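Structure first, commentary second.
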Amino acid sequence: MRLPRLLNADGSERARLHPVKLSATINKTPLSVSNMVVLAGNDIFVRDFVEIYKKDKSLGIFRVSSVGRESKGTQNINLSHGIATLEDSVTPAETTVQGTLSAVVATLMGYQKGTARWAVGSVPNEGAYKLEVDRTNLLQAFCDLCKQAREYVFRYDQTTTPWKINAYPVASENLAECRISRNASSPRMTIDESDLCTRVLAPQLDNGYMDADTVGTWGIVERDLGVADDSDAAEVKKYAAEVLEARKNPAISVEIDAFELSDRTGDPIDRFEIGYRCRVAMAGIGISVLETIESLYYYDLLSQPDVVTITLANKPRDVSKSLASLANQTSGLTSTVTKYGSSIRGNSAAIDDNKQFIIRDREIIDLHTKTIEEQGLVLKEAEIQLGDAKITLEAHQQTLTEQGKRISSAEIRLDGAEASILLKVDKDGVISAINLSPEAITIQAAKINLEGYVTATQLEAELENIELSFNERIYTNTLQANSVATGEFTLSGTRMSKINKTFLTGSKISVGKATVRVMHANGSPMEITYVSSVTISNSDDDIYYVGYY
């Protein structure tokens, strides 16, 4: 396997890197990313370039986006594909870019400032594309073009400078079929209905509407076309048909292990590149959709470069749009997720492969992420759930060791319906928790440490083997104890009571008056003549033995 190359600005090699961990996600949308952990001491800085390999094949030249310090003397390096250099420039203000695919790409590349790293390569000079830009980040503008050019896959040639952008048609004939059923061992299917439409409305349409051929599968989901009343009927019908064709099915994505996809389609693994297409028959739903490989995730390029998780989708992913939908839509369309299980072939000890997904339906929003580290032996997972008057935040780490499984977790639950809050941490079965409700606050822990001034208006406790330390005073009406040990006893009142007993021995009593009185059993005060073995000369005398009989 070829090691990653740290490059100079001109593309020449500066050093070979020796990472301890290396992963990469290659996406159909331009921004592919990689993560690398190297030993501390490597001179790697933000905006440096690194070439990443899968065995001996280059996955591209990436630019360092962040450098962080890890524990145990390592550095965590995040990288973005070299196409990210387009974000260094912006388009002109209030400009329309239109023309063939090749013409639009050429215009966008002409907006690069300084040294132009990218140029047009092999791009078809056909089609009609249009972008409205207004000091738009150039990378964002190129992403918008990629979404329009859905029938093309963009590839990037970084063997020479300037780097070249190429575009090739996505295959549409002789496609393999992949059948997925609910008892599948590996695939994970995500169905997002937020863009689904099976019926469009407009006065120019027959009976005022037009239905998609999937209305029997998904039911009636109406959308108004929003056309003017005087629009040409033929043009409206054409537009309605285009909208239904694009939105008649929900966005359906499938995550599947490359080995299993090969088993199901009969195609060799080396065919599975960005832009590969196959028909996915979904037995549990009763439909077949055309899916395209949108991403390839290599979670361990060092020791398991052939293990890759493939994401197929019938619609391109648009993360910004999905997040906007979560914020703005609170009812109406639904989205659900069906889990089919997960596995990583060739590593029976590994935890499930990495997942990042957003689930939205009428009741709940679920943001969930899972990452794998240490060659499948460490799982890091975080989840936020919102809905049904509840908010739950959970974070877990699960580690497989020779001694077994170790789990640490933290959890916060806010329940509006029950008016309660739960804070909980768990490490290998040792649990601490705080539960707040209108009736009580419950604290559960092996040890509870209170620091600072503590006030309790009412306190009842059963204390066993307790040791209390008081710096100043204890104020109370009655103090009862089997014995009291003290170095000095100060009497601020006028009497001390103890019937027929010696009440103080071996201690010092300081009194503020020359006369010391004790109370007789009959209640009458007695003078100091009842005090034995003491000489009192003034108000500061010390009494070493006091008693009466």
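Any residue at all in segment 166-175 that's of a type outside the set (G, A, S), crowded, with 17+ Cβ neighbours inside 10 Å and more than 35 Å from the chain's Cα centre (by Cα)? Even if it seems obvious, please write down each step before you answer.
Quick first cut of segment 166-175, residues of a type outside the set (G, A, S) only: 166, 168-170, 173-175.
Then drop every residue that is not crowded, with 17+ Cβ neighbours inside 10 Å, which leaves 170.
After this cut, where a residue has to be more than 35 Å from the chain's Cα centre (by Cα) as well, the list is none.
For segment 166-175, residues of a type outside the set (G, A, S), crowded, with 17+ Cβ neighbours inside 10 Å and more than 35 Å from the chain's Cα centre (by Cα): absent.
Sort through G82, G127 and tell me the only one that's over 36 Å from the mean Cα position of the chain (by Cα) and surrounded by 15 or more Cβ atoms within 10 Å (Cβ to Cβ). Outline the logic, then answer.
Values: G82 fails: over 36 Å from the mean Cα position of the chain (by Cα).
Testing whether each residue is over 36 Å from the mean Cα position of the chain (by Cα) and surrounded by 15 or more Cβ atoms within 10 Å (Cβ to Cβ) leaves just G127.
List, please: which pairs have Cβ atoms under 6 Å, are six or more places apart or on different chains, and start with a residue in segment 424-438 that is more than 16 Å from E394 (Cβ to Cβ) and end with one that is surrounded by 14 or more Cβ atoms within 10 Å (Cβ to Cβ) and charged (D, E, K, R)?
D428/R406
Output the residues belonging to segment 159-175 that are within 23 Å of S89 (Cα to Cα) and assigned to a strand (DSSP E or B).
Once the filter is applied, which keeps residues that are within 23 Å of S89 (Cα to Cα) and assigned to a strand (DSSP E or B), segment 159-175 yields W163, K164, I165, N166, A167.
Inside segment 1-70, counting only strands (runs of 3 or more DSSP E) that do not spill past its ends, which hold 3 or more residues that are of a type in the set (G, A, S) and closer than 21 Å to R117 by Cβ? Break it down stepwise before answering.
Working: elements: 5-7, 13-16, 21-27, 33-39, 49-54, 57-70.
The strands (runs of 3 or more DSSP E) meeting that bar are 57-70.
Matching residues to (1) under 30 Å from Q304 (Cβ atoms); (2) touching a Gly at 6+ places or on another chain (Cβ under 6 Å); (3) in contact (Cβ under 8 Å) with a residue 12 or more places away in the chain:
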{"position": "A202", "(1), (2), (3)": "no, no, yes"}
{"position": "D211", "(1), (2), (3)": "no, no, yes"}
{"position": "W218", "(1), (2), (3)": "no, no, yes"}
{"position": "D230", "(1), (2), (3)": "no, no, no"}
{"position": "K238", "(1), (2), (3)": "no, no, no"}
{"position": "E242", "(1), (2), (3)": "no, no, no"}
{"position": "R247", "(1), (2), (3)": "no, no, yes"}
{"position": "A258", "(1), (2), (3)": "yes, no, yes"}
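When you go through Y129, Y152, Y111 one by one, which is the residue that is outside the structural domain of I61 (by TED's automatic domain parsing), closer than 21 Å to L59 by Cβ and among the aromatic types (F, W, Y)? Working first, answer last.
On the way: Y129 fails: closer than 21 Å to L59 by Cβ; Y111 fails: closer than 21 Å to L59 by Cβ.
That would be Y152, the only listed residue that is outside the structural domain of I61 (by TED's automatic domain parsing), closer than 21 Å to L59 by Cβ and among the aromatic types (F, W, Y).
Any idea which of Y111, Y156 is at pLDDT 95 or above, among the hydroxyl-bearing types (S, T, Y) and assigned to a loop (DSSP other than H, G, I, E, B)?
Details: Y156 fails: assigned to a loop (DSSP other than H, G, I, E, B).
Result of the check over Y111, Y156: Y111.
So Q98 ticks every box in (1) closer than 22 Å to E273 by Cα; (2) of a type in the set (S, T, N, Q); (3) outside any loop (DSSP other than H, G, I, E, B) but one. Which box is left unticked?
Going through (1) closer than 22 Å to E273 by Cα; (2) of a type in the set (S, T, N, Q); (3) outside any loop (DSSP other than H, G, I, E, B) one by one, Q98 breaks only (1).
Would you be able to say whether some residue in segment 248-257 is over 24 Å from C143 (Cβ atoms), among the hydrophobic types (A, V, I, L, M, F, W, C) and surrounded by fewer than 21 Cβ atoms within 10 Å (Cβ to Cβ)? Write out each step before concluding.
Of the residues in segment 248-257, the ones over 24 Å from C143 (Cβ atoms) are 248, 256-257.
Imposing the further condition that a residue be among the hydrophobic types (A, V, I, L, M, F, W, C) reduces the set to 256.
Pick out the ones that are also surrounded by fewer than 21 Cβ atoms within 10 Å (Cβ to Cβ) and you get none.
Scanning segment 248-257, I find no residue that is over 24 Å from C143 (Cβ atoms), among the hydrophobic types (A, V, I, L, M, F, W, C) and surrounded by fewer than 21 Cβ atoms within 10 Å (Cβ to Cβ), so the answer is no.
Looking only at segment 13-61, which residues are among the hydroxyl-bearing types (S, T, Y) and over 18 Å from Q158 (Cβ atoms)? Even if it seems obvious, please write down each step before you answer.
So in segment 13-61, the residues among the hydroxyl-bearing types (S, T, Y) come out as 23, 25, 29, 32, 34, 53, 58.
Selection gives S23 alone.
Identify the residue in segment 262-300 that is farther than 20 Å from A149 by Cα and either in the same structural domain as L31 (by TED's automatic domain parsing) or acidic (D, E) (or both) and, among all such residues, is surrounded by the fewest Cβ atoms within 10 Å (Cβ to Cβ).
D270
Among residues belonging to segment 410-464 that are surrounded by 13 or more Cβ atoms within 10 Å (Cβ to Cβ) and small (G, A, S), point out the one that is farthest from the chain's Cα centre (by Cα).
Of everything passing the filter in segment 410-464, S437 is farthest from the chain's Cα centre (by Cα).
Please tell me if T190 is assigned to a loop (DSSP other than H, G, I, E, B) and either closer than 22 Å to K28 by Cβ or in contact with a helix residue (DSSP H, G or I) (Cβ under 7 Å, 6 or more places away or on another chain) (or both). Before you say what the answer is, go through the steps one by one.
Details: assigned to a loop (DSSP other than H, G, I, E, B): no; either closer than 22 Å to K28 by Cβ or in contact with a helix residue (DSSP H, G or I) (Cβ under 7 Å, 6 or more places away or on another chain) (or both): yes.
So T190 does not fit the description; no.
The values are calculated or read from the model by the stated rules, or taken from the named source; none is laboratory data. What you see is a predicted model, and the numbers here were worked out from it, not measured in a lab. As a convention, Cβ positions derive from the backbone with ideal geometry for all residues, glycine included, and neighbour counts pool all protein chains shown.
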